[in-house]
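I have placed the structure first, in the form of structure tokens, so that the comments after it can refer back to it.
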Amino acid sequence: MNIVHVVGTGTIGEPLIGLLADLKNELGIDEVTFYKHSPVLTDRAKVKGLIKRGANIAVAKEKMQEFRELGIEPMYEAEEAIARASVVIDCTPKKIGLQNKERYYKKYEDKVKGFLAQGSEFGFGKPYALGINDDAITKEDKYIHIVSCNTHNIAVAIKSIGFVNGEKNDFVSGRFVCIRRATDISQESDFIPAPYVDEHKDKKFGTHHARDVWHLYNTLGYDLDVYSSSLKINTQYMHSIWFDIKVKDKIDEEEVLERFTSNPRVAITYKKLSSLVFSFGRDHGHYGRILNQTVVVVPTIRVRNDNEVFGFCFTPQDGNSLLSSVAATLRILYPEKEEWDERMKALQPFLFDEV
């Protein structure tokens with residue numbers, strides 16, 4: 001049986017569980033299970049909703065009675081769910097995935113085909129983003145790190161503008177400013193009262209976004225000249241990224257737009273207000289999310305000195321991470337490219353050419 005187990009029910013975990021459960025027949029998944037850590041009354045409706053979609057819950061053995069008191073009957077014990085899974089996807093808060101790898105996952109390497117972890121778990125395994133470094137992922141990769149949503153956004157901007165026909169034949173350098181939302185609308189803490197700027201902790205790359213992009217492309221042997229800055233602003237809508245990408249050959253704005261629109265995972269928009277793009281996702285996406293890797297704001301695209309491309313793009317609400325998570329899962333379950341690629345078509349309704 002093909003069993004996918006998701007650890008965590010937060011900002012990425014919940015929509016991923018729902019997506020896998022809703023499309024499990026099309027994706028070739030026999031069962032979706034998920035781990036919920038705490039028996040919280042305010043999460044009861046969410047958990048029951050996931051169960052109603054067809055996902056089965058696993059909890060810690062010592063917390064089973066507490067979940068039953070909430071009216072939720074656990075199907076599996078936590079480690080039992082890991083041991084019986086074909087693929088485990090860790091969606092826990094920052095750094096916990098790395099701890100889970102050492103504490104739990106390594107014990108079950110002989111039983112589980114593969115383990116995935118989300119953006120904050122740098123070092124968990126080989127970095128991956130769908131459409132960026134597919135050729136670098138092999139059947140021997142037991143642990144895969146799905147890079148963050150902003151890393152996806154930067155990576156696809158570089159790929160679209162600087163990699164003509166898939167080859168690094170036009171990219172010179174990239175500078176990026178990640179303008180991040182303070183929190184997701186599903187979160188009730190850590191909101192900020194005003195813009196908060198991040199330090200450039202990495203001397204070579206600035207913030208982790210460029211570092212992660214470098215490591216992503218380095219799996220293909222590339223050594224990119226990239227640097228990033230970031231700040232949080234007091235909104236819950238969407239991340240935005242300002243980019244400055246230099247290329248070798250002469251280029252104009254029409255060619256830039258053509259390169260973006262030729263990428264099937266890029267959406268364009270003429271809207272300049274992030275809330276309108278967010279609203280589109282709410283109305284037309286899955287769990288309120290479009291699954292594109294980026295949404296390029298067409299009116300902001302400008303070319304300077306015939307080879308320097310500027311613009312803004314919005315980062316879909318973790319949708320790009322969900323897309324790559326499903327792709328990595330299918331790659332493990334169905335190693336032949338023709339088969340996993342065919343099954344990925346089930347997600348096509350949540351990818352848009354224009355927002």
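The values are calculated or read from the model by the stated rules, or taken from the named source; none is laboratory data. In this text, all values refer to a predicted model and were calculated from it rather than measured experimentally. Every residue, glycine among them, receives a Cβ derived from its backbone with ideal geometry; neighbour counts consider all protein chains shown.
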Discussion item. Being surrounded by fewer than 16 Cβ atoms within 10 Å (Cβ to Cβ) and either on the phi < 0 side of the Ramachandran plot or more than 20 Å from the chain's Cα centre (by Cα) (or both): is that true of Val40 here?
Written reply: yes
Fill in: Complete set of residues in the range 302-317 that are touching a residue at least 24 places away in the same chain (Cβ under 8 Å) and among the charged types (D, E, K, R)
Arg302, Asp306, Glu308
Worksheet entry | Qualifying helices (runs of 4 or more DSSP H) (wholly inside the range 36-146; at least 1 residues being closer than 24 Å to Asn218 by Cβ) | 96-103
Worksheet item: So which residues in the range 281-301 are under 14 Å from the mean Cα position of the chain (by Cα) and either free of Cβ contacts under 8 Å to residues at least 24 places away in the same chain or within 17 Å of Asn263 (Cβ to Cβ) (or both), if there are any at all?
Response: Ile290, Leu291, Asn292, Gln293, Thr294
Worksheet item: Do the conditions hold for Ile137, that is, is it crowded, with 24+ Cβ neighbours inside 10 Å, among the β-branched types (Val, Ile, Thr) and under 30 Å from Lys246 (Cβ atoms)?
Response: no
Worksheet entry | Subset of the range 174-203 (residues that are touching a helix residue (DSSP H, G or I) at 6+ places or on another chain (Cβ under 6 Å) and of a type outside the set (A, V, I, L, M, F, W, C)) | Gly174, Asp202
Worksheet item: Which of the residues spanning the range 56-95 are in contact (Cβ under 8 Å) with a residue 40 or more places away in the chain, surrounded by 17 or more Cβ atoms within 10 Å (Cβ to Cβ) and of a type outside the set (D, E, K, R)?
Response: Ala58, Tyr76, Ala78, Ala81, Ile82, Ala85, Ser86, Val87, Val88, Ile89, Cys91, Thr92
Worksheet entry | Single match in Ala85, Ala117, Ala78, Ala129 (criterion: more than 24 Å from Lys48 (Cβ to Cβ), among the hydrophobic types (A, V, I, L, M, F, W, C), in contact with a strand residue (DSSP E or B) (Cβ under 7 Å, 6 or more places away or on another chain) and in the same structural domain as Ile51 (by TED's automatic domain parsing)) | Ala117
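So that you can scan it fast, the table gives a plain yes or no per residue for (1) out of contact with any Phe, Trp or Tyr (no Cβ under 7 Å at 6 or more places or on another chain); (2) of a type in the set (Ser, Thr, Tyr); (3) in a loop (DSSP other than H, G, I, E, B):
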{"residue": "Lys204", "(1), (2), (3)": "yes, no, yes"}
{"residue": "Arg211", "(1), (2), (3)": "no, no, no"}
{"residue": "Gly221", "(1), (2), (3)": "yes, no, yes"}
{"residue": "Leu224", "(1), (2), (3)": "no, no, yes"}
{"residue": "Lys232", "(1), (2), (3)": "no, no, no"}
{"residue": "Gln236", "(1), (2), (3)": "yes, no, yes"}
Discussion item. Given the criteria hydrophobic (A, V, I, L, M, F, W, C) and modelled with pLDDT under 95, does Ile96 qualify?
Written reply: yes
